Every structure is written in C-alpha cells, then in structure tokens.
Amino acid sequence: MTTSLIHPPACLCALHGRRLFTTLLLAGGASAAVGTVQAQQGQQGQANEGLRGDVGRESRLTKLVSADEVEAAAAQQYRQMMREASQQRALAPDNHPQVRRLRSIAQRIVPFAMPWNSRARGWNWEINLLASDQINAFCMPGGKIAFYSGILAKLQLSDQEVAAIMGHEIAHALREHARERIAKTTATRIGASLLSSLFGLGGTGDALLNMGGQLLTLRFSREDETEADLVGMDLAARAGYDPAAGVTLWQKMMSASQGAPPEFLSTHPAGPTRIRDIQGKLPKVEPLYRRADKPGRQFEPPRAG
C-alpha cells in the first residue's frame, strides 16, 4: 500500500521510485534541530590542507538571487514535506535508532561546514528520516537534511558511507548550487536584466513560491556533482570518517542499478569516473582523516554470506 507525497528534491541519489512509502516501521514524529559540537581545532583545521584549492569560485549569477529568500523557500518546502510525511506516518520519530545514528554523524560533520560558507553558522540545521523505498538523500539550502530509509536498507551503508553521502549533500548547500541553478534557469527564461527585479525587494511572496517549486525538481550539473564530491570528502575526513568510503559507496550504487542507467546518471558523472576521481583526491584528504578525532562505536553492515 503506497501513498504519494510531494516529489522530493533531486540530489545525489535521485534513483528509484516516485512515491513515499508509508510503513509501520517508521512512526510519525516531530523534526528536531541537529545539535552541533565544537569543531576540533589545530592541525586538522589548517586551511592549506584538504581540497579547498580544488574547488572553483562561485558563479557571478548566484549573487543575483537572494540567499535569504532561497533559504526561506527551502525551509518552507522542508516543513511542508515533514508535515505531510508525519500525517502519513512516514516520518521517523526522534528516538528511532537510525535517526539517532544520522544525527550523530551530522553532529560531527556540521562544525566543519563553516569555512566553506560563513552563512552556515546561522542555519537551523535539521535532519530527518523518511519511510521510502527510494535510494535518496538531500540537503536543501539552509541545512535541511533528509535521508530515505531505502538508501540505508538497500545499500546496507556503514557509518563511513553515510558520512560520504551526507558530506556530499551538505556540500551542495554550502556551495549554494541550488541558488546558482535557480539563477541560471531564471536568467535563461526571462533574461538576466529582469532577474534582480524579480528577486529584489518587491514580490517576495511570489519569489518564495517560485523558488520552492524549483527546489523540488532541481537537477544539479555534472560540475556541481563533482564539486560536491570533493567538498564532501573534505568534510567527512575532517569529521573522522574515512574518505575512501566514497569508493565502496559508488560500487554499491552501481550494483543497485542492476545494469540499467539510474536516473541520477543523467546529470551525475558515471560511477567508474566518479570512483577514479575520488581515488585521485584521496592523498589530499587522508592526512586530515588520520589526524581527525574518530567517532566511537560505528555501525557496520553484516557481511554477505
């Protein structure tokens, strides 16, 4: 028995299925803000290490769209999604083991987000789990994160692999890829000369509605996806999660597609290319991982056979 909800934002893992499954496994519950911890200082936070120098500059078009309005639209859309999921008993409660697991990983990663985007310090970070068979996860502008139960269950993800996904999705928000995509889409449709007036001081309500709709159907470019991989690796390594987990993650992703090109490959680099890119950048982030404070007991999926 399935019940359709609003379409989730397209992101790293917009793979299988179009409907949100309502199951008894995940009872409804209220979302909770992700608590943050103090980031480790000193050697692991050195600016001259990691992948900061491998990431390009922000697009000039991005500045034509208000960051405040994009984040407000994302928060509004996220609240609506969580409200509908709760009504259909598809929102995991705060005490669900997987929710506690996801929030624990987020608590380690989020403090390292600030050097990538100073606005992140003021975000009201949230993370929730939705009952769905989709292999999917996202982070909307402003730090609104959701994982789908399908990505955890079907791929049997370790904490290291969850951190790789979470780092990637957070990177999209930090690098403001959604804001950039909206700017480029709008500029193409109505002309850059009208863009600033549309998202300026007037018509804020209409702009929020427009952006909220765009966020639900957004597809990032291959360049955005590659950049999110790099930033995500850096974040995970600094938080004490093995950045090499991105390799096993994408091996699982390819296996889950069972030979058929999954939806995300329309905009994402192909799996083998992605794995080679990750392996090529590992020497730059492995020193960060070696020196990072490691988490305690971690979840590891059962071995096959």
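The values are calculated or read from the model by the stated rules, or taken from the named source; none is laboratory data. Just so you know, these numbers come straight off a predicted model, no measurement behind them. Note that we place each Cβ from the backbone using ideal geometry, even for glycine, and neighbour counts take in every protein chain shown.
A count restricted to segment 143-168 and to residues that are at positive phi and either over 11 Å from the mean Cα position of the chain (by Cα) or at pLDDT below 95 (or both) stands at 1. Counting only residues that are over 25 Å from G296 (Cα atoms), touching a helix residue (DSSP H, G or I) at 6+ places or on another chain (Cβ under 6 Å) and among the hydrophobic types (A, V, I, L, M, F, W, C), segment 112-138 holds 6 of them.
In segment 85-140, the qualifying residues are those that are closer than 22 Å to A178 by Cα and basic (K, R), and the one that is surrounded by the fewest Cβ atoms within 10 Å (Cβ to Cβ) is R121. The set of residues in segment 53-84 being β-branched (V, I, T) and surrounded by fewer than 19 Cβ atoms within 10 Å (Cβ to Cβ) consists of V55 alone.
The set of residues from segment 269-292 being under 10 Å from A244 (Cβ atoms), surrounded by 16 or more Cβ atoms within 10 Å (Cβ to Cβ) and not aliphatic (A, V, I, L, M) comprises just one member, Y289. The set of residues in segment 85-121 being of a type in the set (A, V, I, L, M) and assigned to a helix (DSSP H, G or I) consists of A85, V99, L102, I105, A106, I109, V110, M114, A120. Within segment 139-165, the set of residues being part of a helix (DSSP H, G or I) and in contact with a strand residue (DSSP E or B) (Cβ under 7 Å, 6 or more places away or on another chain) comprises S149, I151, I165.
Can you name the residue in segment 122-138 that is of a type outside the set (G, A, S), in contact with a Leu (Cβ under 9 Å, 6 or more places away or on another chain) and not in a loop (DSSP other than H, G, I, E, B) and, of all such residues, is modelled with the lowest pLDDT? Applying the filter and picking the extreme gives F138. N117 meets the conditions (1) over 18 Å from G232 (Cβ atoms); (2) of a type outside the set (A, V, I, L, M, F, W, C); (3) in contact with a Leu (Cβ under 6 Å, 6 or more places away or on another chain); (4) at pLDDT below 95 in every case but one. The failed one is (1).
Over 16 Å from M233 (Cα atoms) and modelled with pLDDT under 95: is that true of V65 in this structure? Criteria met by V65.
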